[in-house]
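Readers should treat all values here as calculations from the given coordinates under stated rules, not as data from a laboratory. No experiment lies behind these values; they were computed from the predicted model shown. Every residue, glycine as well, gets a Cβ built from its backbone with ideal geometry; the counts of neighbours run over all protein chains shown.
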Amino acid sequence: MSKAVDASTVVLGIETSCDETAAAVVMGGGDVLSSVVASQLDEHARFGGVVPEIASRAHVEALPHVTAEALARANVDYARIDAVAATVGPGLVGALLVGVSAAKATALALDVPFVGVNHLEAHLYAALLDEPGAQFPMLFVLVSGGHTLFVQMTNPHSYSVIGQTIDDAAGEAFDKVARFLGLAYPGGPAIDQAARRGKDDAVVFPRAMLHDGLDVSFSGLKTSVINYVRANPSAATDDVAASFQRAVVDVIVHKARRAASEIGAKTIALGGGVAANSLLRHELAAAGSADGLAVVLPSREMCTDNAAMIASAAWYRLARGEASPLDAGANPNLKLGTGQR
Ligand code: KG4
Ligand code: ZN
């Protein structure tokens, strides 16, 4: 990039990794000038999950409008864009390619850098967008439909994964249990609602791996819920939902506290779709005040998939001189590794 990367650098971010088509304009890594998200939830709901072909087509249809809307709301034109970023993974390959192709074409036409962004890394920056003054070291708890990660962030450029699920992601467990209980899709919000009406001590479900390390496991819990309901068909769904949710939250909060203590964290930040869970937010906030830690509970817009976090993560990459080549592809299985420095 010929121009220096600074507080006036404007990045257009694009996110199409799953079922949200999003574009955003962010200045200086932290100033969100606009963030537009078009959800495809209705198009997938009747199938009970995201259908990859439908997602790709819907991204192709929505992206031009969503991008135009992001520029209009930010009140900038293409000439003001200093770099174009898109999620390169992880996600659905067809869906990712829509955003990557659009971003590369736009960057080429504008003669500005293209930045390929790791979607999981971007979730870390979402917390900083909401809470720019957050203190490091920070423990980031990323709980979504596809991932459950405990990430140590020493400063905005340096992070490493210190714990994760060995099987199902937290959101996946919510979705599978909700489906089994006959609740609505997506399952997380449905269980959250049902749990408010139920007793969370009605059934004592297992809390796997509670006392070893920083990894978690939710597959056994899911099986245990299924076995319990099969053996007790008249059990109240609300009680089962509340007891299941309590078990998931107990495990996440317990491991988060241990991880925070191990790394000497000053802050715990939450992100990903499951961060919308009301019990998890409440319990993590309570744990933070008991342990003397600041807790960042980002807004729903910043917890769920959006492009502002993509543009922000791209700014940090640009600041480290890490623009991507135009022949870079998408990687559906991209992992969250270790930050550059
Ligand atoms: O981060 P996200 O929007 O998409 C990805 O997985 O990338 O997360 C979606 C997940 C779903 O599994 C959904 O059931 C879960 O977040 N979720 C919740 C709640 N709202 C969404 N889980 C528990 N409680 C909620 N209130
Ligand atoms: Zn996500």
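Out of Ser234, Ser224, Ser243, any idea which swings most in a Gaussian network model of the chain, alpha carbons joined below 10 Å?
Ser234
For region 170-322, what is the convex hull volume of the alpha-carbon atoms per residue, in Å³?
133 Å³
If each residue of separation counts as 0.36 nm, what is the full-extension length gain between Lys266 and Asp327 once their alpha-carbon separation is subtracted?
So the extension gain works out to 17.9 nm.
If you consider only alpha-carbon coordinates, what radius of gyration and Dmax does region 119-160 have, in Å?
Cα only, region 119-160: 9.8, 28 Å (Rg, Dmax).
Would any residue of region 106-145 have its amide N under 20 Å from a label point 7 Å out along Cα→Cβ of Asp167? List them or say none.
Taking a point 7 Å out along Cα→Cβ of Asp167, the residues of region 106-145 whose backbone N falls under 20 Å are 143-145.
Under 5 Å between amide H atoms, partner at least 5 residues away or on a different chain: which partners does Ala85 have, H built in plane at 1.01 Å?
Correct list: Leu12, Gly13, Ile14, Val115.
Give me the percent of Cα-Cα pairs in the chain that sit more than 29 Å apart, rounded to a whole number.
Values: 22371 of 57970 pairs.
The share of Cα pairs beyond 29 Å in the chain comes to 39 percent.
Most mobile of Ala122, Ala134, Ala231 per a Gaussian network model of the chain (Cα springs, under 10 Å)?
The residue that fluctuates most here is Ala231.
Given Cα pairs under 8 Å that are at least 6 residues apart, what percent is the relative contact order of region 67-111? It would help to have the intermediate numbers written out before the result.
Details: 20 pairs, mean separation 15.8, N = 45.
After rounding, I find 35 percent.
State, as an integer percentage, the relative contact order of the chain based on alpha-carbon contacts under 8 Å between residues 6 or more apart.
On the way: 767 pairs, mean separation 85.1, N = 341.
Normalised by residue count, the contact order of the chain is 25 percent.
Using only DSSP helix segments of four residues or longer, with each worth -39500 (n - 2.57), what per-residue ellipticity at 222 nm results for the chain after dividing by its residue count and rounding to 500?
So the helix-based figure for the chain works out to -14000 deg cm²/dmol.
Under 25 Å between C-alpha atoms is the cut-off here; go through the chain and count lysine pairs that meet it, provided they're at least eight residues apart or on different chains.
12
In sequence order, what are the phi-derived ³J(HN,Hα) couplings for region 184-198 according to the Karplus relation 6.51 cos²θ - 1.76 cosθ + 1.60 with θ = phi - 60°, rounded to whole Hz, with x for glycine and proline?
So the Karplus estimates, Gly and Pro as x, are 5, 9, x, x, x, x, 5, 5, 3, 5, 4, 5, 4, 8, x Hz.
Taking other Cβ within 10 Å of each residue's Cβ, how do His123, His157, His147 sort, fewest first?
His157, His147, His123
Going by the alpha-carbon gyration tensor, a ≥ b ≥ c the square roots of its eigenvalues, is region 1-87 rounded (a/c under 1.5) or, if a/c is not under 1.5, prolate (a/b greater than b/c) versus oblate?
prolate
Between Glu53 and Leu108, with labels modelled 7 Å along Cα→Cβ, what's the label distance in nm to one decimal, could you check?
Placing both labels 7 Å along Cα→Cβ, they lie 2.8 nm apart.
For region 12-52, how big is Rg over Rh, using alpha carbon atoms and the Kirkwood form of Rh? The partial results should precede the final answer.
Working: Rg = 13.0 Å, Rh = 11.5 Å.
Radius of gyration over Kirkwood radius for region 12-52 works out to 1.14.
When a/c is below 1.5 the answer is rounded, else prolate if a/b is larger than b/c, else oblate, so apply that to region 72-181 with a ≥ b ≥ c taken from the square roots of the Cα gyration tensor eigenvalues.
Cα axes put region 72-181 in the oblate bin.
Sort all Cα-Cα distances of region 127-238 into consecutive 5 angstrom bins from zero, then give the percent of pairs in each bin up to the one containing the longest distance.
It works out to 2, 11, 16, 20, 17, 13, 10, 6, 3, 1, 0, in whole percents.
Of Arg197, Arg317, how do they rank once you tally other Cβ atoms within 10 Å and put the fewest first?
Arg197, Arg317
Using the basic label-point model (7 angstrom from Cα toward the beta carbon), what is the Arg281 to Ser299 distance in nanometres?
According to this spin-label approximation, the distance is 1.2 nm.
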